[in-house]
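**Student:** If you scroll down you'll find the structure; I have some questions about it.
The values are calculated or read from the model by the stated rules, or taken from the named source; none is laboratory data. All values derive from a computational prediction rather than experimental measurement. Note that we place each Cβ from the backbone using ideal geometry, even for glycine, and neighbour counts take in every protein chain shown.
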Amino acid sequence: MASGAGWSLTIRRMTVTILLFASLAEAAGTRRLELAAEPGDTVASVRDRVVSAHPQLARFVPTLMVAVDEVYATDDDPVPPGATVALIPPVSGG
Amino acid sequence: MASGAGWSLTIRRMTVTILLFASLAEAAGTRRLELAAEPGDTVASVRDRVVSAHPQLARFVPTLMVAVDEVYATDDDPVPPGATVALIPPVSGG
Amino acid sequence: MLVRVTDLPLDVNEAISAVETPSAGAVNVFLGVVRDNNLGRRVGHLVYDAYPSMAERVMRELGEEAIEKFGILDYAIFHRTGKLAIGEASLLVTISSGHRGESFEAGHWLVNSIKKRVPVWKKEVWEDGEEWIEGPESLGIQQAPASMR
Amino acid sequence: MLVRVTDLPLDVNEAISAVETPSAGAVNVFLGVVRDNNLGRRVGHLVYDAYPSMAERVMRELGEEAIEKFGILDYAIFHRTGKLAIGEASLLVTISSGHRGESFEAGHWLVNSIKKRVPVWKKEVWEDGEEWIEGPESLGIQQAPASMR
């Protein structure tokens, strides 16, 4: 059990989870992506790798907000390995 | 039946009904008075006759509003025979 | 366009149903509730008196004025009378409108106007006395209990 | 201090019970309701998507900010997700406070803030197309149906 828990922790540390919603989820055909984490990752670098892999998301970038682990973040904010990065189009709840 | 209805109409024409609420009803010990209507009655003249008959109501007069047939009225407004005059202390609903 | 003075508990769901309409994007509900304190005094319960027929007439006038003034779609105004315990609702004002802005503005205006114009009165009852409250926020001056003088 | 993202119908009485407290003299309830029209278009139904865990976190932050800013006593904020028909409530914001003024002010501020910050999105579905709405009042620019171009 202990080694299994350690193994899954290692996997989480190596990746960044990307969450997609609403128009982005429809455009990408998925609500969730996993990216390999890279040293020095920021909001901007992660977003750029998502768009490289899914060019149909490029048109959303100008109005996109980003949250790292459920907190709104700006382009230069770091994205640690294991983080969850949500790409958030302009909200329209209520 | 027709003469009965006419009779009750005559009675109504001869009186003014006074409604009392809240602090005034408690002070007067009643919620309703009947006064004989007098030619040329106004809000002020009716109120004065109520206070003459029930002097314990005098202290309420400075803050009293009056409604004639459910519509707020001022001192000079006429009170026709058969009218219902409500003495309204400052409202405190809600 | 529903108004009511009643000695029965006020039903929020009934009021919401009464104002619902397909073009409404917002419903605002205000409940005036019996607080356990007022102006520093501990309240035991309240007793409401009203002039019911005139109260309903004035509520209707104010509701219609809110439609003209704020463009709301519908309103329901209920006021309860009789003895009310802490936590019970005395006033229920419910509005439907196209958008949220006017629902808050009209609701606030309606509640303020009701408290100024609708012939309803409350008596505060404490452990050591009672008093008819005069005016929408007054401390009252009549029959204050000995402890307050 | 109750927040919830749910695909079940929103229960006004539950929200009111959640915020009731003996010192509350006012409860304000706001319901955002699915309208049959938006910016001139006839709406068939709406579909709401959300990031539920972050939405609840932001709702809680805004509720606490309302307590600090307006001195309200308690709040309950519910947002519904999934397919909603005309007349169904998508948003329910309920506040208790000592007096009426802050209940209206805080309610209005909270609803405005929720619409700006909480990660929830709506898709309008018409007879001839559908569109994710971007921003609190936008017409949206993506995937407009042929009839709108």
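**Student:** Hey, among the residues in the stretch A:65-94 that are of a type in the set (V, I, T) and within 12 Å of the chain's Cα centre (by Cα), which one's surrounded by the fewest Cβ atoms within 10 Å (Cβ to Cβ)?
**Tutor:** A:T84
**Student:** Any idea which of D:W121, D:W126 is touching a Pro at 6+ places or on another chain (Cβ under 8 Å), of a type in the set (F, W, Y) and at pLDDT below 95?
**Tutor:** Residue meeting the stated conditions: D:W126.
**Student:** Quick one: is B:T10 more than 11 Å from the chain's Cα centre (by Cα) and modelled with pLDDT under 95?
**Tutor:** When the stated conditions are applied, B:T10 passes them.
**Student:** Further question on the same structure: Conditions first: (1) modelled with pLDDT of 95 or more; (2) touching a Pro at 6+ places or on another chain (Cβ under 9 Å). C:R35 passes all but one, so which condition is the exception?
**Tutor:** Checking C:R35 against (1) modelled with pLDDT of 95 or more; (2) touching a Pro at 6+ places or on another chain (Cβ under 9 Å), the one that fails is (1).
**Student:** Further question: For residues that are small (G, A, S), under 21 Å from C:V120 (Cβ atoms) and in contact (Cβ under 8 Å) with a residue 60 or more places away in the chain, tally how many sit in the stretch B:61-91.
**Tutor:** Total meeting the criteria: 1.
**Student:** Let me ask something else about it. Filter the stretch C:121-141 for residues that are aliphatic (A, V, I, L, M) and assigned to a loop (DSSP other than H, G, I, E, B); which is farthest from the other protein chains (Cβ to nearest Cβ)?
**Tutor:** Ranking the candidates gives C:L139 first.
**Student:** Among the residues of the stretch B:46-63 satisfying the criterion of being within 17 Å of B:V16 (Cβ to Cβ) and crowded, with 16+ Cβ neighbours inside 10 Å, which is farthest from the other protein chains (Cβ to nearest Cβ)?
**Tutor:** Taking the candidates together, the pick is B:R49.
**Student:** While we're here: Do any helices (runs of 4 or more DSSP H) entirely within the stretch D:1-120 hold 2 or more residues that are within 10 Å of chain A (Cβ to nearest Cβ) and aliphatic (A, V, I, L, M), and if so, which?
**Tutor:** In the stretch D:1-120, the matching helices (runs of 4 or more DSSP H) lie at D:52-70, D:100-117.
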